[in-house]
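**Student:** Input: one structure, supplied below.
No lab work stands behind these numbers, since they all come straight from the coordinates. These figures come from a predicted structure and were not determined experimentally. Heads up, the Cβs are rebuilt from the backbone with ideal geometry, glycines too, and the neighbour counts pull from every protein chain shown.
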Amino acid sequence: MIESLSDRLSTEKTDAKERWPMRNLGYLRLVVLTGLSLALPASATDWPQWRGPFFNGSTDESNLPESWDWDKDVLWVSPLPGPSGATPVICNGRVFVSSMVGRGPDFVALCFDAKDGKKLWEKKVGSDGRRYPRNNMASPSPVTDGNNVFFLYGTGDLAGFDRGGARLWWRNIEIEHGNLALMFGYSCSPLLYQDKLYIYVVRRNRPYRRPDAPGPLDSYLMALNPKTGKTIWKTQRKTNAFDEGMETYSTPIPFVRNEKAEILTTGADFVIAYDPALGAELWRFEYWTRKVRDSRIIPSLVTGDGLIFGTWHKHKGVFALKPPDVDKGAKGRFAWEFDGPSPDASTPLFYRGRLYVLDGITYGKVVTCFEPKSGNQIWQGKIGGRGPWRASLTGADGKLYCINETGEIVILGTGDQFKIIFESRIDEGPIQSSIAVANGRLFIRTARNLYCIGRP
């Protein structure tokens, strides 16, 4: 069932003078290169990673639809074998998708032709009967360089394929390094950057479920050779968090400053940066000092204007981090903090010099736009809807694309006032995958189908 939200979805605007509590800690002099200067393995018109070509949820694509008719403007639709929270990735004319088969226990890797949606191949990667609340084994998004593609699953199954579907290698990180030990199931997506494939596991030190562990489990960041799947380095990630607070569902991202790259991670109460070449810890910042049992983190970090933007757990707020300058002995510090509507699950978006934050569950389901250097609020508005908004915002062509678990879709403008441009709905939930953009088209993954929407 596909219907308009016009009669149900609130378009309430919030007066620009109404502000949620925020502490501005001062204007920053920026000496850091932004994520837009990253050397990318794929064209900016592709969407090769979960958070897109710039690792921040945005793309420079243009000429995208700002509204559509489901009967006229869907270029193609391809059936999927089951649900998944994984976002499709698109590169060199191919769309790669992870999926369960029905409700399981099998899970598969799929490839479609981006032009017409024809399924080019489907490969069974594994099978596991474990169940998790609001999650399944196919939640991590794949990652591709256009020639090869890499799939990771909640079981620890990790496989590389070439674009034709031939398997390059396979391994299982749970078999090798112990139970993945997250309450809601392992969901971290892999990162492909500068000829290394990064796998991130930040977990509780004892299992919730099978398999048992003979001793305490460690957390780690691992770099692999994407051609062979072999480990280049594995670095233990230590923390003073405890219980569920030791866990994260986030994905590492690259950060370039002073022409040097760092791999950023969040979770277990710390933001930590690593040397991509050797895996050495470069610096760490404790963003949550009041230790609690459940300080787990779901959203990933995002960078822009030389700052690192992160979230505290369970709607506790958003922060901008001025990273430390280790060479000069300068410590990291909060540039600003925001105590208003904040995500539990959605990763913030950095797009065209602004920061966007979606609280898709509380406060009436609110999107807030910030000036990223100062933390000043530009606008804020409610998008409403029946279901929770757990997918992350996508920024493209001067618009924000949003979708929630029950299939409600909202497109927002990126001007100086909150504005809803378009509302629609597709009744194929649950939908936890973010909307991907490539080559002038939108790619929407539901629990049943993969849709491609755009102008012919």
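**Student:** Once the dipole of the chain is set up with Lys and Arg at +1 and Asp and Glu at -1 on Cβ about the Cα centre, which of S300, S392, L442 lies farthest towards its positive end?
**Tutor:** S300
**Student:** Ok, one more. With charges only on Cβ, +1 for K and R and -1 for D and E, what is the dipole size of the stretch 22-454 about its Cα centre, in debye, rounded to 20?
**Tutor:** Roughly 800 debye, rounded to the nearest 20.
**Student:** May I pose another question? Starting with the highest mean, order 208-221, 388-401 by the number of other Cβ atoms within 10 Å, averaged over the residues of each peptide.
**Tutor:** 388-401, 208-221
**Student:** Which lysines, on any chain, are close to K230 with Cα under 21 Å apart, when same-chain ones fewer than 8 places away are left out?
**Tutor:** Result set, ordered by chain and number: K196.
**Student:** Now a separate question. Using Cα-Cα distances under 8 Å and only pairs 6 or more residues apart, what relative contact order does the stretch 22-454 have, in percent?
**Tutor:** Normalised by residue count, the contact order of the stretch 22-454 is 16 percent.
**Student:** Could you rank the peptides 255-266, 404-415 by their average count of other C-beta atoms within 10 Å per residue, with the highest value first? Present the calculation step by step, with values, prior to reporting the outcome.
**Tutor:** Working: 255-266: 18.7, 404-415: 20.9.
For the peptides 255-266, 404-415, the packing ranking is 404-415, 255-266.
**Student:** Could I ask something else about it? Once the dipole of the stretch 62-166 is set up with Lys and Arg at +1 and Asp and Glu at -1 on Cβ about the Cα centre, which of S78, G93, F150 lies farthest towards its positive end?
**Tutor:** Comparing the listed Cα positions along the dipole, F150 ranks first.
**Student:** Another question, then. On a straight-distance basis, which lysines could pair with K316 in a cross-link, Cα separation under 21 angstrom, same-chain partners fewer than 8 positions away excluded?
**Tutor:** Of all the lysines, those that pass the test against K316 - Cα under 21 Å, at least 8 places apart if same chain - are K291, K365, K373, K382.
**Student:** Each residue of the stretch 269-284 in order: what ³J(HN,Hα) in whole Hz does its phi give by Karplus 6.51 cos²θ - 1.76 cosθ + 1.60, θ = phi - 60°, with x for Gly and Pro?
**Tutor:** Per residue, the Karplus-derived 3J(HN,Hα) values read 6, 9, 8, 10, 10, 10, 6, x, 6, 10, x, 5, 6, 8, 6, 9 Hz.
**Student:** What order, most packed first, do the peptides 272-279, 345-352 have when packing is the mean number of other Cβ atoms within 10 Å of each residue?
**Tutor:** In descending order of packing, they fall as 345-352, 272-279.
**Student:** Residue-wise, which Karplus ³J(HN,Hα) couplings in Hz belong to the stretch 356-361, taking 6.51 cos²θ - 1.76 cosθ + 1.60, θ = phi - 60°, and x for glycine or proline?
**Tutor:** 10, 10, 10, 9, x, 10
**Student:** Right, another one. Grab the beta carbon distance between D195 and D71, set R0 = 45 Å, and tell me the FRET efficiency rounded to 0.05.
**Tutor:** About 0.50, to the nearest 0.05.
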